[in-house]
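Down below is the structure, laid out as C-alpha cells.
Bear in mind these aren't lab numbers, they're just calculated from the coordinates by the rules spelled out. No experiment lies behind these values; they were computed from the predicted model shown. Positions of Cβ are backbone-derived with ideal geometry, glycine not excepted, and every protein chain shown enters the neighbour counts.
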Amino acid sequence: MSDFQQTDTGEVPGIVVTGASGRMGQMLIRLILTDDRVRLAGALERDGHAWIGRDIGEAMGGQPAGVLVSDDPVTTIARAQAVIDFTAPTATAGFAELTAQARAVHVVGTTGLDAEDLAKLSAAARHAPIIRAGNMSLGVNLLAGLTRKVAAALGEDWDIEIVEAHHRMKVDAPSGTALMLGQAAAEGRGAALDDLRTPAREGITGAREAGRIGFSAVRGGDIVGEHDVIFAGTGERLILRHVATDRAIFARGAIRAALWGQDKDPGEYDMADVLGLT
Ligand SMILES: NC(=O)c1ccc[n+]([C@@H]2O[C@H](COP(=O)([O-])OP(=O)(O)OC[C@H]3O[C@@H](n4cnc5c(N)ncnc54)[C@H](O)[C@@H]3O)[C@@H](O)[C@H]2O)c1
Ligand SMILES: O=C(O)C1=N[C@H](C(=O)O)CCC1
C-alpha cells in the first residue's frame with residue numbers, strides 16, 4: 001500500500017487541510033493519511049489551482065487517497081472536526097469564520113497575520129477553539145521558555161538579538177518564530193514586544209539603544225528554519241539556537257494540536273497550552 005492511501009476511516013476526528021499543495025499542506029496530508037488517530041476529511045486549495053478536482057494522493061504522486069482537492073471551503077469545512085491551516089493571512093482569516101461556524105478546531109500555522117486578521121481570529125474563537133503558533137515544534141516552544149527565563153535573569157546590559165534564516169520562497173519577515181521568541185524575551189523583561197522591537201537595520205543607525213530586541217532575517221536556498229537568540233554582554237555571549245531540518249516537526253505539532261483541541265472550550269490557545277508548557 002502506498003503511503004498516500006488512507007488506512008483508517010473509523011470514528012476518529014476528520015481533518016481538513018487547507019493549502020493542500022503547499023510545502024506544509026503536502027507534509028500534513030502524508031502524515032494524516034498514515035496516522036490512525038485522525039482521518040483526512042478534505043483538502044482545500046485556492047480558486048483556479050491546477051489540483052482542484054484531482055484526488056490528493058494522485059496529485060501528490062502516489063495512489064488515490066479517496067479525497068478530491070476542493071476550492072469550496074464552505075462545504076468542505078462543514079464536515080471537519082478540525083481544520084489545519086498553513087496558507088496565507090487573508091485566507092486564514094476567512095477560514096477562521098467558517099471553522100467556527102462548523103464548531104471545529106482551527107489549528108493556525110500561518111504567519112504574517114496583521115492586527116485586522118488577528119481580530120477576525122479572536123471573533124471566531126468566541127465560538128470554537130483556535131490554536132495558533134508561529135512554530136508548532138516542540139523544540140522551538142521549549143526554546144521560547146528558555147528565552148523568557150534567560151531574558152529575565154540578565155539585565156539590560158545584555159543586548160538581545162534574534163537572527164532567523166529560511167528558504168528563498170518565504171514571503172514574511174521576521175518569521176513567526178522570531179516574533180514568538182521576541183515576545184518571550186520581552187515578557188522576560190516585563191515589557192511588551194512592540195515597545196522593545198528594533199526591525200532590520202540599514203544605513204547610519206546610530207549606536208544600539210539599551211534594552212531593545214533586534215531582528216535580522218536571512219533568506220536563501222531550502223533552509224527549513226533556523227533561529228538564534230543572542231544575548232550579547234560585555235566580554236561574553238550566550239546563544240540559544242534551534243535548527244529545523246524537517247517540516248514534519250511542524251506538521252506533527254499541528255496534528256497533536258488538532259487532537260488536543262477536540263474537547264476544549266472556545267477560545268484562543270497556543271502550542272505551549274497543547275504541550276503543557278504553561
Ligand atoms: N507555525 C509553524 O510551525 C509553521 C511552519 C511552517 C510554515 N508556516 C507558515 O505556514 C504558511 C505556509 O507555508 P508553506 O511553506 O507551506 O507555503 P506554501 O506557499 O508552500 O503553501 C501555501 C499554500 O496555501 C495555498 N493557499 C493560499 N491561499 C489559499 C486559499 N484561499 N485557499 C486554499 N489554499 C490557499 C497556496 O496555494 C499554497 O499551496 C506560511 O505562513 C508559513 O510561514 C508555519
Ligand atoms: O517555512 C516557513 O515559512 C516557516 N515559517 C514559520 C515561521 O515563520 O517562523 C516556522 C518555520 C518555517
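Does residue 272 fit the bill of being within 16 Å of ligand 1 (Cβ to nearest atom), closer than 26 Å to residue 156 by Cβ, surrounded by fewer than 20 Cβ atoms within 10 Å (Cβ to Cβ) and aliphatic (A, V, I, L, M)? The answer is yes for residue 272. Within the stretch 220-247, the set of residues being aliphatic (A, V, I, L, M), surrounded by 15 or more Cβ atoms within 10 Å (Cβ to Cβ) and touching a residue at least 60 places away in the same chain (Cβ under 8 Å) comprises 229, 230, 232, 240, 244. Here residue 21 passes the criteria (1) within 16 Å of ligand 2 (Cβ to nearest atom); (2) buried (at least 23 other Cβ atoms within 10 Å of the Cβ) except the one numbered (2). In the set 83, 67, 16, only one residue is more than 29 Å from residue 123 (Cα to Cα) and in contact with a helix residue (DSSP H, G or I) (Cβ under 6 Å, 6 or more places away or on another chain); that residue is 67.
Exactly one residue out of 70, 175 is more than 16 Å from ligand 2 (Cβ to nearest atom) and either under 23 Å from residue 220 (Cβ atoms) or not hydrophobic (A, V, I, L, M, F, W, C) (or both): that is 70.
Restricted to the stretch 33-150, the set of strands (runs of 3 or more DSSP E) holding at least 1 residues that are in contact (Cβ under 8 Å) with a residue 40 or more places away in the chain and touching a Lys or Arg at 6+ places or on another chain (Cβ under 6 Å) comprises 39-44, 129-132.
Any chance the stretch 158-166 includes a residue that's surrounded by 22 or more Cβ atoms within 10 Å (Cβ to Cβ), farther than 20 Å from residue 245 by Cβ, more than 14 Å from ligand 2 (Cβ to nearest atom) and in contact (Cβ under 8 Å) with a residue 24 or more places away in the chain? Within the stretch 158-166 (the criterion being surrounded by 22 or more Cβ atoms within 10 Å (Cβ to Cβ), farther than 20 Å from residue 245 by Cβ, more than 14 Å from ligand 2 (Cβ to nearest atom) and in contact (Cβ under 8 Å) with a residue 24 or more places away in the chain), the answer is yes, since at least one residue qualifies. Restricting attention to the stretch 167-202, the residues that are touching a residue at least 40 places away in the same chain (Cβ under 8 Å), surrounded by fewer than 17 Cβ atoms within 10 Å (Cβ to Cβ) and more than 16 Å from ligand 1 (Cβ to nearest atom) total 0.
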